[in-house]
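Single-structure report; data block below.
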Amino acid sequence: MGFKTYAVSAVESGGWQLHEGLPVRFSGPTGLVALWCRGHRDAVDRPWRVTPMEWLAMILPPVEARRRWIVFEQEEDGQISYSQLLSVTGVVSRQVDLMFTLSPLVVVQQRPDLIVRPTADGRLWTEELALDGGSNSTSCSWHWTRPHLALGAAVVGRSLAAVR
């Protein structure tokens with residue numbers, strides 16, 4: 001399991017059909033994070049935020065990047081669950097500290113086509129991750145490493161202002 005980019009098409013039921021899934025790699029010297037950091041050397045040491053379309057625009061033609069999502073797939077209790085990547089916030093020093101913000105997706109239909117919809121409550125979750133490397137690193141491998149703060153994941157519900 002891991003990240004994939006899917007072409008997305010709206011369906012009449014209000015959901016989204018995910019098709020043409022392709023693996024996406026954030027880590028490694030040719031991964032999306034390394035490509036972004038190398039292309040934005042003047043901005044990496046300050047906090048930054050990148051959207052999935054910006055990640056995909058580095059490796060796909062702009063028209064193709066606009067019609068795709070980045071989706072995280074994982075197996076839970078024998079079922080595959082999906083979450084749409086909304087953004088990645090980060091900062092680079094001796095390592096690349098990243099905070100992924102994702103929105104869980106409800107599977108409406110698995111076969112013959114994968115159809116999903118956002119959760120009704122607008123729930124989001126974040127995951128803190130880190131890559132070995134960065135502008136102040138002496139050896140840069142761009143491999144996953146322990147996050148600096150080791151906060152783990154958080155589930156974020158709707159804000160109280162939205163409930164009122």
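Ignoring ligands, DNA and RNA, please state the percent of accessible area on the chain from carbon and sulfur, probe 1.4 Å.
53 percent
Relative contact order of the chain, please, whole-number percent, based on alpha carbon pairs below 8 angstrom and at least 6 residues apart. Please list the in-between numbers first.
On the way: 338 pairs, mean separation 33.1, N = 164.
Here the relative contact order equals 20 percent.
What number comes out for accessible area per residue over the chain if the probe is 1.4 Å? Units Å², please.
On the way: 9570 Å² over 164 residues.
On a per-residue basis, 58 Å².
Wrap a convex hull around the Cα atoms of the range 30-146, take a quarter of its surface area, and give that in square nanometres.
8.9 nm²
Which order do the peptides 100-111, 37-48 come out in when sorted by mean C-beta neighbours inside 10 angstrom, highest first?
Numbers: 100-111: 15.8, 37-48: 12.8.
The packing order, highest mean first, is 100-111, 37-48.
Given points 7 Å out from each Cα along the Cα-Cβ axis, report the Ile80 to Met53 separation in nanometres with one decimal.
Computed distance between label sites Ile80 and Met53 equals 2.7 nm.
222 nm [θ] for the chain, helices only, -39500 (n - 2.57) per DSSP H run of 4+, per residue, to 500?
Working: 4 runs with 23 residues, N = 164.
Taking each H run of at least 4 residues, the total per residue is -3000 deg cm²/dmol.
The values are calculated or read from the model by the stated rules, or taken from the named source; none is laboratory data. Bear in mind that the values here come from a model prediction, so they are computed numbers and not experimental data. Quick reminder, even Gly has a Cβ in these numbers, built from the backbone with ideal geometry, and neighbours come from all protein chains shown. All accessible areas refer to the heavy atoms of the entire protein, side chains included, with ligands and DNA or RNA removed. Shrake-Rupley method; radii C 1.70, N 1.55, O 1.52, S 1.80 Å.
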